[in-house]
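To start, the structure under review is shown below, and the notes come after it.
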Amino acid sequence: HAPPVEKLWTPDDGYADIVVGLQYGDEAKARFVDQLAELYDWVVRFNGGANAGHTVVHGGKKILLRQIPSGVMIPGKKLFIASGCVVNLPKLDGEIQDLQSAGIRVKRRLKVSSNTTVVQPRAVMLDLNRRLGIGTTGNGIGDAYADRAARMVTYEGEDRDLDIRVGDLVMDLEGSIDLMRKHFYMTAQELRLKGKQIEAMNIEGQLDSIRKGFES
């Protein structure tokens, strides 16, 4: 258990306290956040994606969190996934459903920045094709950040937005879904994947999961 702590400022000061890990992950950041969250109104996830996850035990309940801030275990705390994150919408939806099944209310407490990058099927495909070389988890996080940095791509003589954010889905869900589809096939061509390899990835199923995750 963490020792008792107190805020060194009042809400009117306009400051925030930040928990940062310096050991390449697995430092129990979520545990500290869970223990500190009682003191705060908002708990914010400011970077990262749906990686290996954090196991949090609070009030006798054991929950695996991947994207939702660990303050979710404390009733009434407001939660925010900020613009520095990349969000996997199907996994986020599954995480919410798991929490709801455990009796933990999420939806009215959780906000997601409109500037948060959406992890596209293209990013997951790239990650899975590279994971043996760089040791990633295959969740497309690094490639989603790379798309965000690249911003645009020229494909078949046309300049296209490469980075798709939550706000794009709000403005035009089906247009964004169609753009993800084009990005997927563009990347499959770059990787020289064959018909059966592409078919096995079930791009329409992936896009439908993204659609449902967003709409829920």
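The values are calculated or read from the model by the stated rules, or taken from the named source; none is laboratory data. Just so it is clear, the structure is predicted and the values come from calculations on it, not from any experiment. Methodologically, a virtual Cβ is constructed for each residue, glycine included, from the backbone with ideal geometry; neighbour enumeration extends over all protein chains shown. To get the accessible areas, we keep the full protein, side chains included, count just its heavy atoms, and leave off ligands, DNA and RNA. Shrake-Rupley method; radii C 1.70, N 1.55, O 1.52, S 1.80 Å.
Take TYR185 and tell me if it is open to solvent by 20 Å² or more (accessible area, probe 1.4 Å), of a type in the set (Ser, Thr, Tyr) and more than 19 Å from the chain's Cα centre (by Cα). Considered against the rule, which asks whether it is open to solvent by 20 Å² or more (accessible area, probe 1.4 Å), of a type in the set (Ser, Thr, Tyr) and more than 19 Å from the chain's Cα centre (by Cα), TYR185 comes out as yes. Filtering ASN115, ASN129 for residues that are among the polar types (S, T, N, Q) and part of a loop (DSSP other than H, G, I, E, B) leaves a single hit, ASN115. Could you tell me whether the range 148-168 includes any residue that is surrounded by 15 or more Cβ atoms within 10 Å (Cβ to Cβ), touching a Lys or Arg at 6+ places or on another chain (Cβ under 6 Å) and in a strand (DSSP E or B)? The answer is yes, given that some residue of the range 148-168 is surrounded by 15 or more Cβ atoms within 10 Å (Cβ to Cβ), touching a Lys or Arg at 6+ places or on another chain (Cβ under 6 Å) and in a strand (DSSP E or B). Flag: ARG66 matches the condition of being open to solvent by 10 Å² or more (accessible area, probe 1.4 Å), modelled with pLDDT of 85 or more, under 11 Å from the mean Cα position of the chain (by Cα) and of a type in the set (Lys, Arg). Within the range 29-44, being surrounded by fewer than 16 Cβ atoms within 10 Å (Cβ to Cβ) and more than 17 Å from LEU110 (Cα to Cα) holds for PHE32, LEU39. Within the option set LEU193, LEU173, being modelled with pLDDT of 95 or more and surrounded by fewer than 19 Cβ atoms within 10 Å (Cβ to Cβ) holds for one residue only, LEU173. Checking each residue in the range 45-63 for being crowded, with 20+ Cβ neighbours inside 10 Å and either of a type in the set (Lys, Arg) or in contact with a Pro (Cβ under 7 Å, 6 or more places away or on another chain) (or both) picks out only ARG45. Residue count for the range 129-146, restricted to those that are at pLDDT 85 or above and open to solvent by 30 Å² or more (accessible area, probe 1.4 Å): 3.
Among all residues of the range 25-43, there is none that is outside any helix (DSSP H, G or I), at pLDDT 75 or above and of a type in the set (Lys, Arg). Go through the range 98-110 and give me each residue that's farther than 18 Å from GLY60 by Cβ and either within 10 Å of the chain's Cα centre (by Cα) or open to solvent by 80 Å² or more (accessible area, probe 1.4 Å) (or both). If the condition is that a residue be farther than 18 Å from GLY60 by Cβ and either within 10 Å of the chain's Cα centre (by Cα) or open to solvent by 80 Å² or more (accessible area, probe 1.4 Å) (or both), then LYS107, ARG108 are the ones that fit.
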